[in-house]
Each structure stands twice: as C-alpha cells, then as structure tokens.
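Presented below is the structure to which this report refers.
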Amino acid sequence: MPPHDIPHDNFLNESARPDAASSNRRALRVGIGGPVGSGKTTLVGSLCALLRDSLSMVVVTNDIFTSEDADALREAAVLPTERIVAVETGCCPHTAIRDDIAANLDAVEQLETLHGDVDLTLVESGGDNLTAIFSRGLVDVQIFVLDTAGGDDVPRKGGPGVAMADLLVINKVDLAPHVGSDVDRMLSDARERRDDRPVTPTSLVDQSGAQPVADWITAQIATRRS
Ligand SMILES: Nc1nc2c(ncn2[C@@H]2O[C@H](COP(=O)(O)OP(=O)(O)OP(=O)(O)O)[C@@H](O)[C@H]2O)c(=O)[nH]1
Ligand SMILES: [Mg+2]
C-alpha cells in the first residue's frame with residue numbers, strides 16, 4: 001500500500017477532528033459517482049487542473065482491491081502526492097459510500113486536518129450501477145457521471161444517481177457519433193427525470209471540457225460561504 005493510503009482501521013483521534021460547526025470555511029465535499037469507466041477519474045483530474053490554482057484541494061479515490069485511480073492521479077501530478085488518498089473498499093463501491101462510510105469519512109477528515117486550509121474535497125466512488133448514491137453524511141453535494149458509450153437509453157432508465165444527483169454529467173459526447181448515441185435524447189430524458197436539477201454534457205478529451213463542472217463547483221462553494 002502506498003504511504004499515503006489509509007487502511008480501514010486507521011481512525012483519527014477524536015481530538016484531532018476538525019470542528020466543522022465552528023467554521024463556515026469547512027471544505028465543500030463533493031462525491032463523484034457513476035458506472036464503471038464513465039470518466040470519473042478523468043473528471044477528477046481535469047477539475048484539479050482547472051481549480052488547483054484558486055482552491056486548496058484534496059482527493060479521495062475508491063477502488064475495491066487496488067489504489068489504481070489514486071496512483072493514476074498522482075502519476076499525472078494533478079495535485080501534490082500527499083493530497084491524494086486511496087481507500088481500498090474491499091466491498092461493493094456503493095457500500096463504502098452509502099452504507100458504511102467510516103473508511104471514506106476517515107480519509108476525508110484526515111486529509112482536511114492535515115492540510116488545514118482545504119476548500120474542496122473530491123471523493124470518487126468506485127464504478128457501480130445506477131443505484132449507487134453517496135450518503136449525505138459523507139458528502140455535501142454529488143455528481144453522477146454517465147457516458148454516451150454506455151448507451152443512450154441509460155438516462156431513461158433512471159435510478160437515484162440519474163434522478164437525484166445534484167449535477168448529472170453526460171460524458172464522452174465526442175464518442176456519440178461513433179457508438180450511435182443520441183446526446184440530445186440523453187439530455188432530454190435526463191431532464192425529464194430530474195425536475196430542475198442541472199445536467200451538463202462534457203467531453204473530457206481535453207481538460208477544458210470539465211469547465212462547466214468546475215464552474216458549478218465554484219458556484220456551490222460561493223453559495224455555501226454566503
Ligand atoms: N473519448 C473520450 N474518452 C474519455 C472521456 N472521458 C474519459 N475517457 C476515457 O475513458 C476511459 C475511462 O475513464 P476513467 O476516467 O478511468 O473512468 P472511471 O469512471 O474513473 O472508471 P472506474 O473508476 O474504473 O469506474 C479512459 O480511457 C479515459 O481516457 C471522454 O470524454 N471522451
Ligand atoms: Mg476511476
């Protein structure tokens with residue numbers, strides 16, 4: 001296990017926990033979920049590149065048996081190594097973000113305590129199915145990432161991620177013509193299931209493709225602070 005990764009039983013001393021209630025500067029905690037391969041890690045990397053000069057950021061990744069996503073982000077040097085931590089869930093991804101959040105919450109709190117000035121904490125879930133959603137005890141807001149290559153009927157199928165996530169991202173729009181997916185249909189099906197909650201199409205071939213998501217996060221932080 002790399003030196004900055006956190007085993008399940010490594011809990012913070014209670015006295016070291018930040019007193020969130022006493023500070024309106026607590027980091028915004030953003031969960032990023034969605035099916036396997038939809039582009040979650042790519043989105044995390046792009047968000048770090050776009051926001052790291054204006055915000056103090058840390059990242060927690062979840063993989064079942066490895067620290068693959070954290071390793072990839074460290075290798076890409078999207079943030080200093082010590083700001084990226086992998087949680088090896090050893091169980092279904094949704095269990096670790098919804099049912100038993102202790103390992104993830106521990107990782108988040110350790111990072112925020114260590115760096116002190118954190119504005120934004122990103123928590124990437126392991127890839128899962130349409131039922132996966134984060135506990136509100138772990139994150140403040142959540143983003144669900146679908147992609148055009150997963151089939152353009154997925155938004156119509158709904159589920160809590162599609163319907164309830166604070167932001168729905170429909171990624172890999174650059175691939176839509178090659179896989180026969182209709183992006184407009186995906187967007188309208190998604191909007192039908194989401195009332196007024198936002199949906200944004202992205203292509204993350206280039207980091208700038210994540211700008212609409214970065215803008216949404218910046219607005220969330222501004223709203224919280226005001
Ligand atoms: N063409 C294209 N490829 C993309 C885009 N976004 C991500 N990819 C590629 O899709 C693959 C999967 O991306 P990841 O970011 O690893 O996906 P993930 O959701 O983190 O995957 P898991 O963590 O394994 O569930 C990689 O090869 C990315 O380079 C995109 O917008 N367009
Ligand atoms: Mg990933």
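Among residues of region 98-121 that are on the phi > 0 side of the Ramachandran plot, those with a beta-carbon under 9 Å from a residue that is of a type outside the set (V, I, T) at least six positions away or on a different chain give the pairs G116/P18; G116/S56.
Looking only at region 175-193, which residues are touching a Lys or Arg at 6+ places or on another chain (Cβ under 9 Å) and not acidic (D, E)?
V179, S181, R185, M186, A190, R191, R193, listed by residue number.
Residues in region 97-106 that are closer than 21 Å to T42 by Cβ and touching a strand residue (DSSP E or B) at 6+ places or on another chain (Cβ under 6 Å): how many?
Of the residues in region 97-106, 1 are closer than 21 Å to T42 by Cβ and touching a strand residue (DSSP E or B) at 6+ places or on another chain (Cβ under 6 Å).
When region 78-92 is filtered for residues that are free of Cβ contacts under 8 Å to residues at least 40 places away in the same chain and over 16 Å from L55 (Cα atoms), the ones remaining, listed by number, are T89, C91, C92. The residues of region 35-79 that are on the phi > 0 side of the Ramachandran plot and within 9 Å of ligand 2 (Cβ to nearest atom), listed by number, are G37, G39.
Whenever a residue of region 32-53 is within 21 Å of V108 (Cβ to Cβ), its partners that are polar (S, T, N, Q) and in a loop (DSSP other than H, G, I, E, B), lying with C-beta atoms within less than 6 angstrom and at least six residues away or across chains, give the pairs G33/S125. Taking the numbered list (1) loosely packed, with under 15 Cβ neighbours inside 10 Å; (2) within 16 Å of G126 (Cβ to Cβ); (3) of a type outside the set (K, R); (4) more than 12 Å from ligand 1 (Cβ to nearest atom) in turn, V36 passes all entries but (4).
Within region 149-178, no residue satisfies the criterion of being more than 14 Å from the chain's Cα centre (by Cα), crowded, with 24+ Cβ neighbours inside 10 Å and among the small types (G, A, S).
Would you call N62 crowded, with 22+ Cβ neighbours inside 10 Å, at pLDDT below 95 and either in a loop (DSSP other than H, G, I, E, B) or not β-branched (V, I, T) (or both)? So N62 passes the test. Among the conditions (1) in a helix (DSSP H, G or I); (2) modelled with pLDDT of 95 or more; (3) within 15 Å of ligand 1 (Cβ to nearest atom), L105 misses just one, which is (3). Only one entry in S46, S56, S67 is touching a helix residue (DSSP H, G or I) at 6+ places or on another chain (Cβ under 6 Å) and over 17 Å from G137 (Cα atoms), namely S46. Taking region 109-148 as the range and being surrounded by fewer than 17 Cβ atoms within 10 Å (Cβ to Cβ), at pLDDT 95 or above and within 14 Å of ligand 1 (Cβ to nearest atom) as the test, no residue passes. So is D69 under 27 Å from L175 (Cβ atoms), acidic (D, E) and part of a helix (DSSP H, G or I) or not? Yes, satisfied. Of all residues in region 123-165, which are within 19 Å of A102 (Cβ to Cβ) and not polar (S, T, N, Q)? The answer is V123, E124, G126, D128, A132, I133, F134, R136, G137, L138, V139, D140. If only residues of region 160-184 that are hydrophobic (A, V, I, L, M, F, W, C) and within 11 Å of ligand 1 (Cβ to nearest atom) are counted, the one that is nearest to V213 (Cα to Cα) is V169.
The values are calculated or read from the model by the stated rules, or taken from the named source; none is laboratory data. Computed from a predicted structure; not experimentally measured. FYI the Cβ positions are ideal-geometry reconstructions off the backbone, even for glycines, and counts take in every protein chain you see.
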